[in-house]
1. For segment 137-177, what is Rg from Cα atoms divided by 2.2 N^0.38 Å, rounded to two decimals?
2. Could you state how much accessible area R159 has, in square angstrom rounded to the nearest 10, with a 1.4 Å probe and all protein chains kept in place?
3. Pull up all non-local amide H partners of V60: gap of 5 or more, or a different chain, and H-to-H distance under 5 Å with H placed in the peptide plane.
4. Equivalent ellipsoid semi-axes for segment 33-140, as square roots of 5 times the alpha carbon gyration tensor eigenvalues: give them largest first, rounded to whole Å.
5. Tell me, what ³J(HN,Hα) does each residue in segment 192-200 have, in order and in whole Hz, if you take phi through Karplus 6.51 cos²θ - 1.76 cosθ + 1.60 with θ = phi - 60° and put x for Gly and Pro?
6. Taking square-rooted eigenvalues a ≥ b ≥ c of the alpha carbon gyration tensor, is segment 1-65 rounded, prolate or oblate, where a/c under 1.5 means rounded and, failing that, a/b exceeding b/c means prolate?
7. Of the options I124, L90, H138, report the single residue whose Cα projects farthest towards the positive end of the charge dipole of segment 63-166 (beta-carbon charges: Lys, Arg +1; Asp, Glu -1).
8. Between segment 23-78 and segment 128-207, how far is it from one alpha carbon centroid to the other, in angstrom?
Amino acid sequence: MTNIILLGPPGAGKGTQARRLVEERGLVQLSTGDMLREARTSGTEMGKKVAAVMDRGDLVTDDIVIGLIEEKLKTARAKGFIFDGFPRTLAQADALGALLKRSGQELDAVIEMRVDDEALVDRISGRYTCGNCGEVYHDRTKPTAKPGVCDVCGSTDLRRRADDNAESLKQRLMEYYKKTSPLMGYYYAAGELFTVDGLADIDAVAKSIADVLDRAKGA
Ligand code: AMP
């Protein structure tokens, strides 16, 4: 099993790199953000409850996201998991540790994707994704080859997230620094933290992550 956490502020590139790891290593991506957006789209009670919280840029409660992850770990069969956007609080980190331990698994690496705040604003404000296959694009740095059509699957369902605006981003960053950044110290102390330069281009970041995983496995 290879279990990895991708840690970093919104716009650091966690989702993009998680998708690479799925393709290249056959791991399963567990993105609590994606799960919550799915719950909203399908109109579940939980989806309705979290909608306003997400659009404001606040974190949803620990019990909701821990419940989502617990369910996936119980049902999904995988060579390993990439946790993308989870954990985001110390309580979630403790809960993940306990869940993995209970199923006889452990974390191989926690990868901090380091980027500066200026870059985040730029990345987030130009971001759009394919609603069908999840490919991530950017107005300036990675537009679709044909306007309005996904390069990967040909879908025309290209979407911008409701929380990818300046005001919500400010709140998401605030939440990140208040509640998520302490996880860096938490995982550093556990000897599991590796840092990569998230400002490099997508291939270079992927290479740094691959190097970390080889090192972590070899350790
Ligand atoms: P993301 O797609 O990871 O940027 O998440 C989008 C939004 O979903 C966040 O701004 C939160 O409102 C919510 N969310 C996603 N993951 C978590 C989590 N682990 N804990 C709390 N809220 C979360």
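The values are calculated or read from the model by the stated rules, or taken from the named source; none is laboratory data. These figures come from a predicted structure and were not determined experimentally. Don't worry about glycine lacking a Cβ; one is built from the backbone with ideal geometry, like all the others, and counts go over all protein chains shown. These area figures cover heavy atoms from the full protein model, side chains too; ligands, DNA and RNA do not enter into them. Shrake-Rupley method; radii C 1.70, N 1.55, O 1.52, S 1.80 Å.
1. Here the Cα radius of gyration is 1.51 times the empirical estimate.
2. It works out to around 110 Å².
3. Sorted by chain and number, the residues that satisfy this come to none at all.
4. Computed over segment 33-140, the values are 25, 19, 15 Å.
5. My calculation for segment 192-200 gives 10, 8, 10, 10, 10, 7, x, 8, 5 Hz in order.
6. Since a/c reaches 1.5 and a/b is larger than b/c, the shape of segment 1-65 is classed as prolate.
7. Value: H138.
8. Cα centroid of segment 23-78 versus Cα centroid of segment 128-207: 16 Å apart.
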